[in-house]
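What follows is a single structure, written as structure tokens, with notes after it.
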Amino acid sequence: MPGGDTPFVTLLTDFGADGPWAGAMKAVLWSIQPAFRIIDVSHSVAPHDIFGGAFMLYRTYKDYPSWTIHLCVVDPGVGGPRRPILAVIDDHYFIGPDNGLFSFLYQFGEVSRVIAITADHYFRRPVSETFHGRDVFAPIAGWVSKGIDLTRFGEPVEDYVKIPVPVDRLVGESLVKGEICAIDRFGNLITNVRLETLRLLAEQSGKRRFKVLVAGQEAPLVTGGYGQEQPLFALVNSSNLVEIACNGRSAAEALGLTTRGKEVGVMGV
Amino acid sequence: MPGGDTPFVTLLTDFGADGPWAGAMKAVLWSIQPAFRIIDVSHSVAPHDIFGGAFMLYRTYKDYPSWTIHLCVVDPGVGGPRRPILAVIDDHYFIGPDNGLFSFLYQFGEVSRVIAITADHYFRRPVSETFHGRDVFAPIAGWVSKGIDLTRFGEPVEDYVKIPVPVDRLVGESLVKGEICAIDRFGNLITNVRLETLRLLAEQSGKRRFKVLVAGQEAPLVTGGYGQEQPLFALVNSSNLVEIACNGRSAAEALGLTTRGKEVGVMGV
Amino acid sequence: MPGGDTPFVTLLTDFGADGPWAGAMKAVLWSIQPAFRIIDVSHSVAPHDIFGGAFMLYRTYKDYPSWTIHLCVVDPGVGGPRRPILAVIDDHYFIGPDNGLFSFLYQFGEVSRVIAITADHYFRRPVSETFHGRDVFAPIAGWVSKGIDLTRFGEPVEDYVKIPVPVDRLVGESLVKGEICAIDRFGNLITNVRLETLRLLAEQSGKRRFKVLVAGQEAPLVTGGYGQEQPLFALVNSSNLVEIACNGRSAAEALGLTTRGKEVGVMGV
């Protein structure tokens, strides 16, 4: 059984923290697999915000053990023609609608296979047209945890849906370009700039200290956490991504940012 | 043991998602019954909104296995004379205050028995006057899961409290009248019109296609989920209730509705 | 093993109910200790509000069985010099940053020992600078539950950080002074006045009935829960603290209070 005697399953949805849908999914999960350790990643993805869900999944899936099953439901097209899929990426399972929700993983992870789920005898009956989280995805997660051979759920596909994903990149030898992909509860600005890209920048530029350019301001890249002297700074966060923060204050507010998408640059000092 | 080796218990309260009360109830539940699978249905019923809690319970309890124990606490009268009750309806257990919280179930379910809980030796000691969720209802849920004979908790009663519940109804042969009973996170309008009433309408009227009349507008009843061409439409949702929705937008906003209670009609086209 | 076969661990943080951080902590907890019963106390402490977290912890920890492990992360200084600590107080474990988060417990509980955690071979590797909840505190909680001798985590310390904690006190023989320390979801005002201080007041003053003075108004101390006749009243809540409430309405609103800190008095009538 994947995960040994303690299979993990996570839930990431746009259903809202107020219920009642996540509970219905858990009922299905535990009915099939009583040993599941069920973990809510978030139910607060903005309604229908596929990009937001995709980025949150990307920055958190490695917090879970290998062979964790990630049940992801941001699914505006539920009940329509979009396919349910099961992806195996970086030794994790991902189950959800084929609408681009796994795009960051396709971009940055090692995709072993993506299966279009067609074996509807595994579904909960009858299948509603509005809640495949309960009727399609949760049952499949349960059966995957039971060790059912993945080929029995459907055929591998190559034409799975990808949404545009911003990729951090080295421009010349001295600049990394990226963008703000999320704003967290504390007002910290989470970018798509990866630690490994910073390492490449260090190598190419010969620099050892860096600053982040954002919204016309400069934030030095520091170590030592959020308790800094300077008002605006940047650090490498717990997902190994560059994050812009303020000491004791919301960086989003300080910079007048309310939405993601703003470009950032990183260069040596 | 009800539920076999994996007894399910759900929590539905108006305590808020911010804690800390639900946690205290879980501590009691697991102290008595370590095997419990505890599922949060919602803690975001509006404070003291018995109707809101009752309708949410009604539309979600069938998502859980038979003999699930539903622990429901919307309890403005806690510490006063209102009774704690234990109801067996449609092969599910419901535990909570006798204030009408189970009224939709009394109306639409098969009520096996309702017991006024008096066996206070099962309670947590001392019993506070403000938190029977922890001190009365959670312990009873624990002991019910242990297979204690229900007669030991108290006497059956017939005079349990019912609040007025709007019942969808066929008017003549060609119209079903109902009302909006909840607005969800996506702005979808959830009515009390049941699939079975629609079937009756189809039978009586000979029609096969229907529309919903709401707030002076018409919403065709469609299949295929939320990804529709037309701006306003209706569908049968995952609780088998008619729901009014907009494509990519809040129907509540589109119709200028902010509260439940609005009447709707369904008729053939 | 502390807690026998069913070790309890609670989470109290300022991470927000929207995720994804609490999930990452649970993954670590269950990876080390699959038998954990994990309970979310709250993730909605206001960002960086150490006092708010400390008071919530104080009023709820006794809802859990002895030897529960309380994982508490309100940690503005994460990644800086502040120490991680493990405290044993009133036969409960508390793990978190040494920033005063346990101050109410130091004040009112029986402190057995406080250990500054230095045994970093128990940490998750690599240790990030921004998320010790996942990398330091959760692993320690896991290993504590395994029965590792506490001395192996680090040395006992006496100089742990305390923030100022308001202590309710008898002034003369006829007045107790306290203050509002939290406002709950229902608008109830939770004070720091303890039941035991009320008992002392009763003894000293010879009175049997009391009233609470707050914001220029008087609230009689009543029994019988929230369903009272009078508009403003006070009661002893489920944490054995005096709480000011309104019948069917927010007391905070009624009194025009939006923040904690307001002084209250209790005297005989």
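The values are calculated or read from the model by the stated rules, or taken from the named source; none is laboratory data. These figures come from a predicted structure and were not determined experimentally. Cβ coordinates were reconstructed from backbone atoms using ideal geometry, including for glycine residues, and neighbour counts include every protein chain displayed.
Key figures for this structure:
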read-out: Residue check for B:ASP14: within 11 Å of chain C (Cβ to nearest Cβ), within 14 Å of the chain's Cα centre (by Cα) and charged (D, E, K, R); value: yes
read-out: Residues of the range C:17-26 satisfying the condition of being over 21 Å from the mean Cα position of the chain (by Cα) and either away from chain A (no Cβ under 11 Å) or in contact (Cβ under 8 Å) with a residue 40 or more places away in the chain (or both); value: C:ALA24
read-out: Candidate set: the range C:85-131, residues that are in contact with a strand residue (DSSP E or B) (Cβ under 7 Å, 6 or more places away or on another chain), over 15 Å from C:GLY53 (Cβ atoms) and within 13 Å of chain A (Cβ to nearest Cβ); chosen: the one surrounded by the most Cβ atoms within 10 Å (Cβ to Cβ); value: C:THR130
read-out: A:GLU263 among the charged types (D, E, K, R) and closer than 16 Å to C:PHE131 by Cβ; value: no
read-out: Residue match in the range C:133-145 (condition: charged (D, E, K, R) and either within 22 Å of C:ALA54 (Cβ to Cβ) or surrounded by 21 or more Cβ atoms within 10 Å (Cβ to Cβ) (or both)); value: yes
read-out: Tally of residues being free of Cβ contacts under 8 Å to residues at least 24 places away in the same chain and assigned to a loop (DSSP other than H, G, I, E, B) across the range B:111-127; value: 4
read-out: Any hit, the range A:43-56, residues being within 7 Å of another protein chain (Cβ to nearest Cβ), farther than 21 Å from C:GLY16 by Cα and surrounded by 22 or more Cβ atoms within 10 Å (Cβ to Cβ); value: no
read-out: The range C:1-11 - residue that is within 8 Å of another protein chain (Cβ to nearest Cβ) and either in contact with a strand residue (DSSP E or B) (Cβ under 7 Å, 6 or more places away or on another chain) or outside any loop (DSSP other than H, G, I, E, B) (or both) and, of those, surrounded by the most Cβ atoms within 10 Å (Cβ to Cβ); value: C:THR10
read-out: Whichever residue in the range A:166-178 is surrounded by fewer than 17 Cβ atoms within 10 Å (Cβ to Cβ) and charged (D, E, K, R) and, among such residues, is farthest from A:VAL242 (Cα to Cα); value: A:GLU173
read-out: Index of the failed condition, A:VAL127 passing every other in (1) more than 23 Å from A:PHE8 (Cβ to Cβ); (2) touching a Cys at 6+ places or on another chain (Cβ under 6 Å); (3) aliphatic (A, V, I, L, M); value: (2)
read-out: Those residues of the range A:65-81 which are out of contact with any helix residue (DSSP H, G or I) (no Cβ under 8 Å at 6 or more places or on another chain) and either in contact (Cβ under 8 Å) with a residue 24 or more places away in the chain or not assigned by TED's automatic domain parsing to the domain that holds A:LEU12 (or both), in sequence order; value: A:SER66, A:TRP67
read-out: Selection from the range A:255-266 of residues that are surrounded by 19 or more Cβ atoms within 10 Å (Cβ to Cβ) and not in a loop (DSSP other than H, G, I, E, B); value: A:VAL264, A:VAL266
read-out: Residue count for the range B:29-48, restricted to those that are of a type in the set (Phe, Trp, Tyr) and free of Cβ contacts under 8 Å to residues at least 40 places away in the same chain; value: 1
read-out: Subset of the range B:29-41 (residues that are of a type outside the set (S, T, N, Q) and within 8 Å of chain C (Cβ to nearest Cβ)); value: B:TRP30, B:PRO34
read-out: From the options B:GLY225, B:GLY248, residue that is within 12 Å of another protein chain (Cβ to nearest Cβ), buried (at least 18 other Cβ atoms within 10 Å of the Cβ) and modelled with pLDDT under 95; value: B:GLY225
read-out: Where A:PRO220 falls short, out of the listed (1) more than 12 Å from chain C (Cβ to nearest Cβ); (2) touching a Ser or Thr at 6+ places or on another chain (Cβ under 9 Å); (3) surrounded by 15 or more Cβ atoms within 10 Å (Cβ to Cβ); value: (2)
read-out: For B:ASN237: the one exception among (1) within 12 Å of chain A (Cβ to nearest Cβ); (2) surrounded by fewer than 20 Cβ atoms within 10 Å (Cβ to Cβ); (3) out of contact with any helix residue (DSSP H, G or I) (no Cβ under 8 Å at 6 or more places or on another chain); (4) not acidic (Asp, Glu); value: (2)
read-out: Qualifying residue in the range B:192-208 (condition: free of Cβ contacts under 8 Å to residues at least 24 places away in the same chain and crowded, with 20+ Cβ neighbours inside 10 Å); value: no
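To keep it simple, each residue is scored yes or no on (1) surrounded by 14 or more Cβ atoms within 10 Å (Cβ to Cβ); (2) more than 29 Å from C:SER44 (Cα to Cα); (3) among the hydroxyl-bearing types (Ser, Thr, Tyr).
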site: A:PHE153; (1), (2), (3): yes, yes, no
site: A:GLU158; (1), (2), (3): no, yes, no
site: A:ASP184; (1), (2), (3): yes, no, no
site: A:GLY187; (1), (2), (3): yes, no, no
site: A:ILE190; (1), (2), (3): yes, no, no
site: A:LEU213; (1), (2), (3): yes, yes, no
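Per-residue answers, yes or no, for (1) touching a Leu at 6+ places or on another chain (Cβ under 6 Å); (2) in a loop (DSSP other than H, G, I, E, B); (3) within 28 Å of A:CYS246 (Cα to Cα):
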residue: C:ALA54; (1), (2), (3): yes, no, yes
residue: C:THR60; (1), (2), (3): no, no, no
residue: C:ASP75; (1), (2), (3): no, yes, yes
residue: C:LEU105; (1), (2), (3): no, no, no
